């Protein structure tokens, strides 16, 4: 109702001729069910000064411009109906269930014509694109952000809330009524509280621990190449690069290695990453080619090397700390809390593929993968006489290793 009232108010005050306002739900049928009756009832006071179109689900009201302004309902399941339109104001309800491409390819261009306003609303659905938009809005003064928890809003009586808390599973109650993004992510591989404990932890650097570098090599246009530095329990540095070629990336890795003298450099060598490995190795640096699609050492627990590395990283986080800027911590948090997991028919753990994360509107966890690479082998502290390493699993080629 609040979204509809906001659109009606904006339409009546619209100073642009022939104003256009849109309310979008994940499905057209859903838009009709949740908004159409309200839209008609809330404009009924205008009497003969409004026009109602039952077949196309729009209402026209008089506007401040001296013409009319139209409020129309749409479904994200038919995005072509939204293409080519202009908008003075648009809202998306249940944003988590709408393909992020609709916002990027259709909604934002439509709003650009008249510098229209945008409202995103809905129930949390985990660490997805809606969560990313919410986090970005918190830091952007151009956005107004409101989180309405049932326990604070006063909309539902306390007795009703108590009954719902008894009847509903705890995580579902937290998601639906308390706007808890973390509870919506029940299949999250790394728990939110584990990361937040590490974020709050203050650990001094330990000079006795070896410095290692993890390098995740971008394979797609929107992905980033990452150089991450870890010393024992501490993340000390993160460098991110957009659209950098393999030779340039290899040179960046070597320049950084010259500055910090790492005990080892770990590179995701699948695909184009193999060229980075070869270039660094040919220059005489200590480097490991990590094939993340190879078999895990612990084949019973893990489906492949990548999820095994993430498992090692998850355990490490329980005692970890970060010595990086807040903006880098925010990116790391999104990366580590984004992937979900499931179990194969044999009972081994499988980490969500990057491609599937992108379908949910999440970015590729490039920083998270760079950190995970640093757990490929265990290196002893400097005071030890020898290094204790895992034996890498031999691989036969890149094609069969792709996730």
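The values are calculated or read from the model by the stated rules, or taken from the named source; none is laboratory data. Fair warning: this is a prediction, and the values are worked out from it, not measured in the lab. Don't worry about glycine lacking a Cβ; one is built from the backbone with ideal geometry, like all the others, and counts go over all protein chains shown.
Could you go through segment 109-128 and let me know if any residue there is over 28 Å from residue 52 (Cβ atoms), touching a residue at least 40 places away in the same chain (Cβ under 8 Å), in contact with a strand residue (DSSP E or B) (Cβ under 9 Å, 6 or more places away or on another chain) and surrounded by 17 or more Cβ atoms within 10 Å (Cβ to Cβ). So far as segment 109-128 goes, yes, one or more of its residues are over 28 Å from residue 52 (Cβ atoms), touching a residue at least 40 places away in the same chain (Cβ under 8 Å), in contact with a strand residue (DSSP E or B) (Cβ under 9 Å, 6 or more places away or on another chain) and surrounded by 17 or more Cβ atoms within 10 Å (Cβ to Cβ). As a summary of the residue check, residue 154 satisfies the conditions (1) on the phi > 0 side of the Ramachandran plot; (2) surrounded by 15 or more Cβ atoms within 10 Å (Cβ to Cβ) except for the one numbered (2).
In segment 289-304 there is at least one residue matching the filter, namely being assigned by TED's automatic domain parsing to the domain that holds residue 352 and more than 26 Å from residue 188 (Cα to Cα).
Residues in segment 19-34 that are within 16 Å of residue 1 (Cα to Cα) and either more than 29 Å from the chain's Cα centre (by Cα) or loosely packed, with under 14 Cβ neighbours inside 10 Å (or both): 32, 33. Just so you know, in segment 262-283 the residues that are surrounded by fewer than 17 Cβ atoms within 10 Å (Cβ to Cβ) and modelled with pLDDT under 95 include one that is farthest from residue 247 (Cα to Cα), and it is 271.
Hey, could you check segment 97-117 for residues that are outside any helix (DSSP H, G or I) and within 20 Å of the chain's Cα centre (by Cα) and say which is modelled with the highest pLDDT? It would help to see each step written out before you state the result.
If we filter segment 97-117 for residues that are outside any helix (DSSP H, G or I), which is where we start, we get 98-99, 113-117.
Applying the additional criterion that residues be within 20 Å of the chain's Cα centre (by Cα) yields 98-99.
Working: 98: 85, 99: 80.
Out of the qualifying residues, it is 98.
On the given criteria, is residue 136 assigned by TED's automatic domain parsing to the domain that holds residue 323 and within 30 Å of residue 371 (Cβ to Cβ)?
Numbers: assigned by TED's automatic domain parsing to the domain that holds residue 323: no; within 30 Å of residue 371 (Cβ to Cβ): yes.
When the stated conditions are applied, residue 136 does not pass them.
Among the residues of segment 211-221, are any in contact with a helix residue (DSSP H, G or I) (Cβ under 6 Å, 6 or more places away or on another chain), surrounded by 14 or more Cβ atoms within 10 Å (Cβ to Cβ) and within 15 Å of residue 320 (Cα to Cα)? Within segment 211-221, one or more residues are in contact with a helix residue (DSSP H, G or I) (Cβ under 6 Å, 6 or more places away or on another chain), surrounded by 14 or more Cβ atoms within 10 Å (Cβ to Cβ) and within 15 Å of residue 320 (Cα to Cα).
Anything in segment 123-174 that is under 17 Å from the mean Cα position of the chain (by Cα) and either modelled with pLDDT of 90 or more or outside any loop (DSSP other than H, G, I, E, B) (or both)? List them, or say none. Across segment 123-174, the qualifying residues are 129, 130, 131, 132, 133, 134, 135, 136, 137, 138.
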